[in-house]
Amino acid sequence: MIVTLDLHGYKITQTTNIIDSFISDQLLFGIKKIEIITGDSKDIKSVVKKVVKNYGLQCKEHLYNKQVLTILF
């Protein structure tokens, strides 16, 4: 099962807390793979990568859609 977070419509100042909460919840639920839709924004991608790194995880761009980052737990 893949759970997705779509960040379209959020202000960049909101994204750190939203991403952190989302990842934390998915870890608690035992989800193994998530996707975060960032759109074309390099700033949003940077925030996602920073939060993911703080969890000791890695993310990569989706194989077919560069606007999506995939995180494996």
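Values quoted throughout were computed directly from the atomic coordinates according to the rules given, and no laboratory measurement underlies them. These numbers were taken from a predicted model, which means no experiment stands behind them. Cβ placement follows ideal geometry from the backbone for every residue including glycine, while neighbour counts extend to all protein chains displayed.
When segment 40-66 is filtered for residues that are closer than 15 Å to Thr4 by Cα and in contact with a helix residue (DSSP H, G or I) (Cβ under 9 Å, 6 or more places away or on another chain), the ones remaining, listed by number, are Val48, Val52, Cys59, Glu61. How about segment 15-25: which of its residues are surrounded by 12 or more Cβ atoms within 10 Å (Cβ to Cβ) and either within 9 Å of the chain's Cα centre (by Cα) or under 13 Å from Val47 (Cβ atoms) (or both)? The answer is Thr15, Thr16, Ile18, Ile19, Asp20, Phe22, Ile23. Within segment 28-49, the set of residues being closer than 18 Å to His8 by Cα and loosely packed, with under 15 Cβ neighbours inside 10 Å comprises Gly39, Asp40, Lys42, Asp43, Ser46.
The residue pairs whose first member lies in segment 5-17 and is more than 16 Å from Glu35 (Cα to Cα), whose second member is surrounded by fewer than 14 Cβ atoms within 10 Å (Cβ to Cβ), and whose beta carbons are closer than 7 Å, counting only pairs six or more residues apart or on different chains, are Ile12/Asp43. Residues in segment 50-70 that are among the aliphatic types (A, V, I, L, M), surrounded by 11 or more Cβ atoms within 10 Å (Cβ to Cβ) and farther than 13 Å from Thr38 by Cα: 3 in all.
Can you find, within segment 28-43, the residue that is farthest from Leu69 (Cα to Cα) among those that are aliphatic (A, V, I, L, M) and touching a Phe, Trp or Tyr at 6+ places or on another chain (Cβ under 8 Å)? This residue is Ile31.
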